[in-house]
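Worksheet: the structure to be examined is printed underneath.
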Amino acid sequence: MPRAIRIHEVGGPEVMLLEEVDVPAPAAGEVQVEHTAIGLNFIDVYDRTGLYPQALPGGVGREAAGRVLAIGKRVRGFRVGDRVSYVMSRPGACADIRNVPAARLVKIPTGVSDEHAAVLALKGMTACFLLRHCYRVKRGDVIVVHAAAGGVGSLLAQWGKALGALVIGVVGSEEKAGLAKKNGCRHVLIRGRDEIAASVKKISKGLGAHVVYDGVGKDTFIESLDSLRKRGMMVSYGNASGPVPPFSPAELVKRGSLFLTRPTMFDYTESRADLEAIARETFAAVKKGWIKVQIHQQYKLVDIAQAHRDLEARKTTGASIIVP
């Protein structure tokens, strides 16, 4: 019988239970997918702890890859046996089998493994929309990437370098600094050792960065604003250290008419056309060698609690996957 991670209450990693579940035949417009690899992301922690509320009992996991087992009525473009990947706004990917709306599925191209596709579904396409659609990075731009040794950060750094940007990575340790360098960061700053904003200004000859990509949140928000040049763009796309407290828009004015956005990938892939376009662009970046998926941790579904503990303790680097 298929299994899924279920939570009946919000809380620590211990609230996640591996349970047998009944998966019905796919409804109209749905495709039944047998997972071969599941991506692990910090958003899974938000879902588990209730920062992002969901109806209980609920699930965890937003991205996965696998093969099509069955197809519901009125589904076009997919066949049983197709390799597919997806990212969903509703958690529940940590499971053996799941029914997914066909509108959220993309086919995995030849030459891309299921494991890599599971990482690219959320992390890869996030890097794509952040670099190419949220703020369009161009040659010569100075960009700051927080958590540059992490899953999204490592892809942002690689892709940013390929686009011709000067990439400044921010990490939490010497070990992670080495990884960030390999990811394409020309300069790497270490939190707790370096003055981040002052260092960015020095590297950029007193001007500051064109854009800062900050998935850390509360602990880095103000220093990220201070790292920008006039009319620079602050992209706050995550809350790894907790949500950013309320602040006055005057903070943007006194730093030079800054722009601030808090984007989600689901708004940038809401239409089928946008989803397909960003998926194509992401897979193309892989094929061109602009980005290389680095899976440094792999867990079994039964070990989901340990995966979350490692993630929250900042023990992970690169991408992590769960294999049912």
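The values are calculated or read from the model by the stated rules, or taken from the named source; none is laboratory data. Predicted model, so just to flag it, every value in this text is computed and none were measured. Methodologically, a virtual Cβ is constructed for each residue, glycine included, from the backbone with ideal geometry; neighbour enumeration extends over all protein chains shown.
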Positions within segment 159-175 being crowded, with 24+ Cβ neighbours inside 10 Å and out of contact with any strand residue (DSSP E or B) (no Cβ under 8 Å at 6 or more places or on another chain), in sequence order | 159
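For residue 200, indicate whether it is assigned by TED's automatic domain parsing to the domain that holds residue 217, buried (at least 24 other Cβ atoms within 10 Å of the Cβ), within 17 Å of residue 228 (Cα to Cα) and over 21 Å from the mean Cα position of the chain (by Cα). Quick ask: steps written out before the conclusion?
Numbers: assigned by TED's automatic domain parsing to the domain that holds residue 217: yes; buried (at least 24 other Cβ atoms within 10 Å of the Cβ): yes; within 17 Å of residue 228 (Cα to Cα): yes; over 21 Å from the mean Cα position of the chain (by Cα): yes.
Considered against the rule, which asks whether it is assigned by TED's automatic domain parsing to the domain that holds residue 217, buried (at least 24 other Cβ atoms within 10 Å of the Cβ), within 17 Å of residue 228 (Cα to Cα) and over 21 Å from the mean Cα position of the chain (by Cα), residue 200 comes out as yes.
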Among the residues of segment 245-265, is any touching a Cys at 6+ places or on another chain (Cβ under 8 Å) and closer than 20 Å to residue 214 by Cα?
-> yes
Please enumerate the residues belonging to segment 205-227 that are at pLDDT 95 or above, of a type in the set (A, V, I, L, M) and buried (at least 21 other Cβ atoms within 10 Å of the Cβ).
-> 209, 211, 212, 225
Somewhere in segment 93-102, is a residue within 19 Å of the chain's Cα centre (by Cα) and not hydrophobic (A, V, I, L, M, F, W, C)?
-> no
Can you find a residue in segment 52-65 that is touching a Leu at 6+ places or on another chain (Cβ under 9 Å) and not in a loop (DSSP other than H, G, I, E, B)?
-> yes
Within the bounds of segment 102-110, is there any residue that is among the polar types (S, T, N, Q), closer than 27 Å to residue 297 by Cβ and in contact (Cβ under 8 Å) with a residue 60 or more places away in the chain?
-> no
Being part of a strand (DSSP E or B) and not basic (Lys, Arg) is the filter; apply it to segment 170-197 and report the residue that is farthest from the chain's Cα centre (by Cα).
-> 194
From 84, 100, 45, grab the single residue that is touching a Phe, Trp or Tyr at 6+ places or on another chain (Cβ under 6 Å) and crowded, with 17+ Cβ neighbours inside 10 Å.
-> 100
Working carefully through the options 292, 315, 288, find the one that is touching a strand residue (DSSP E or B) at 6+ places or on another chain (Cβ under 9 Å) and farther than 19 Å from residue 88 by Cα.
-> 315
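Table: residues versus (1) surrounded by fewer than 13 Cβ atoms within 10 Å (Cβ to Cβ); (2) assigned to a loop (DSSP other than H, G, I, E, B).
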position: 234; (1), (2): no, no
position: 247; (1), (2): yes, yes
position: 252; (1), (2): no, no
position: 257; (1), (2): yes, yes
position: 263; (1), (2): no, yes
position: 266; (1), (2): no, no
position: 275; (1), (2): no, no
